[in-house]
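The structure appears below as structure tokens.
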Amino acid sequence: MKQIPKKQIDVKKVISGLLNGDIVSLSKAITIVESDNVKDISNSNKIISSCLKNRTNSIRIGITGVPGVGKSTFIEAFGNQLTEQGYKVAILAIDPTSTVSRGSIMGDKTRMNTLVNNKNAFIRPSPASSHYGGVAKKTRESIILCEAAGYNIIIVETVGVGQNEISVSEMVDIFLLLKLSGAGDELQGIKRGIIEMADAIIINKADGDNIDESNKAMAEFSMALKLYPTKKSNWVPKVLTCSSINNSGIEPIWKLVLKYISDTKENKFFAENRKRQNKYWLLQTINDKLQSDFFSNDEIKKELENQYNLLDKNKTTPFAAAAVLLKI
Ligand code: GDP
């Protein structure tokens, strides 16, 4: 198909298509909102403000885990089950490796191939950081677009190895960590901080010879989680097992998500948390913009080199150097 040149994008048509749940319009809108091109800012703002007026009630779920733990297999089993129950599911995958070529995680055709063909599911990879300091922050805007397009379950998937999880936990209502039995956290590359963020730990691949090990891991984790401080949500994190390839244990995970949502709505944490997250993203956006403006300023760039030299020669201190730079 011939690509439409950017100039010819009819933003009104894109918005009305999106609000009618048209997947092509939704994809186009996300591309515009993700764009770093200044020419797209006005269209992007129009799309976002229309979407903010047309939001649906949604559940935002973050899913993380190291490569190979079974995230895409799990999301496929989970997502298909939810669409069977009448939900519309959007999956936004943050791919840390796709800063250059968009969507390398999802580029693999074998990932989620039944969900790809499910008309009530929408799958979209996001580049992790397309510009200075940005860690998938555009994913947050994509959530709003998906909600306006009628998706009531939003899954944000990320690889559990780095900084992205903090951003993801700040854009979702509930955060799930997928793990394997047997391997220690160090082996699985999971940081303690990520375990602390999790509202539920799911031991995947609980099938075949692995069932006993998985149950053992579940018991151990349940004990270990008791040592963590109480969460602001008052929710006590749970551990479950499942087999994504056998589709077993998936329904209890959904029930757990629903229980979390109803508990946190009842104790008001749900709404408060979304408000707090909005403020977080406001400040984050300002920080990013200030940083990027600061470091792209030619005078600053020159003076920074100079201050580096002075530091190397012990002629200044980091604080004194910062003071000079901040005065420019
Ligand atoms: P991701 O990198 O975390 O997205 O992991 P994938 O979903 O691509 O799964 C990695 C491998 O684990 C694939 O070969 C899957 O078939 C396999 N796998 C995923 N879930 C299960 C499961 O529940 N049981 C078993 N035995 N294998 C699984």
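The values are calculated or read from the model by the stated rules, or taken from the named source; none is laboratory data. Since this is a predicted model, take the numbers as computed values, not measurements. Note: ideal-geometry Cβ built from the backbone for every residue, glycine included; neighbour counts use all protein chains shown.
Among residues of region 34-47 that are surrounded by fewer than 16 Cβ atoms within 10 Å (Cβ to Cβ), those with a beta-carbon under 6 Å from a residue that is at pLDDT below 90 at least six positions away or on a different chain give the pairs Asp36/Ser130; Asp36/His131.
Screening region 12-52 for residues that are of a type in the set (D, E, K, R) and more than 20 Å from the chain's Cα centre (by Cα) and picking the one that is nearest to Asn152 (Cα to Cα) gives Asp22. Every listed requirement among (1) surrounded by 14 or more Cβ atoms within 10 Å (Cβ to Cβ); (2) more than 16 Å from the ligand (Cβ to nearest atom) is met by Asn215 save one, (2). Just so you know, in region 236-280 the residues that are assigned to a loop (DSSP other than H, G, I, E, B) and β-branched (Val, Ile, Thr) include one that is farthest from the ligand (Cβ to nearest atom), and it is Val236.
Checked against (1) polar (S, T, N, Q); (2) outside any helix (DSSP H, G or I); (3) touching a Gly at 6+ places or on another chain (Cβ under 6 Å), Ser233 passes all but condition (3). Sub-8 Å Cβ pairs linking a first residue in region 200-221 that is assigned by TED's automatic domain parsing to the domain that holds Lys71 and closer than 10 Å to Cys242 by Cα to a second residue that is away from the ligand (no atom under 14 Å from the Cβ) and polar (S, T, N, Q), at least 6 apart or interchain, are Ala206/Asn215, ordered by first then second residue. In summary, helices (runs of 4 or more DSSP H) completely within region 52-119 and bearing 1 or more residues that are modelled with pLDDT under 80 occur at 104-107. Scanning region 218-230 for residues that are surrounded by 10 or more Cβ atoms within 10 Å (Cβ to Cβ) and assigned to a loop (DSSP other than H, G, I, E, B) returns a single hit, Tyr228.
Report yes if Glu305 is surrounded by 12 or more Cβ atoms within 10 Å (Cβ to Cβ), out of contact with any Asp or Glu (no Cβ under 6 Å at 6 or more places or on another chain) and not assigned by TED's automatic domain parsing to the domain that holds Lys205, otherwise no. No, not satisfied. When Thr230, Thr241 are checked against the criterion of being assigned by TED's automatic domain parsing to the domain that holds Leu180 and in contact with a helix residue (DSSP H, G or I) (Cβ under 6 Å, 6 or more places away or on another chain), Thr241 stands alone in meeting it. Looking across region 64-85, the residues that are among the small types (Gly, Ala, Ser) and within 11 Å of Ile250 (Cβ to Cβ) come down to Ala77, Gly79.
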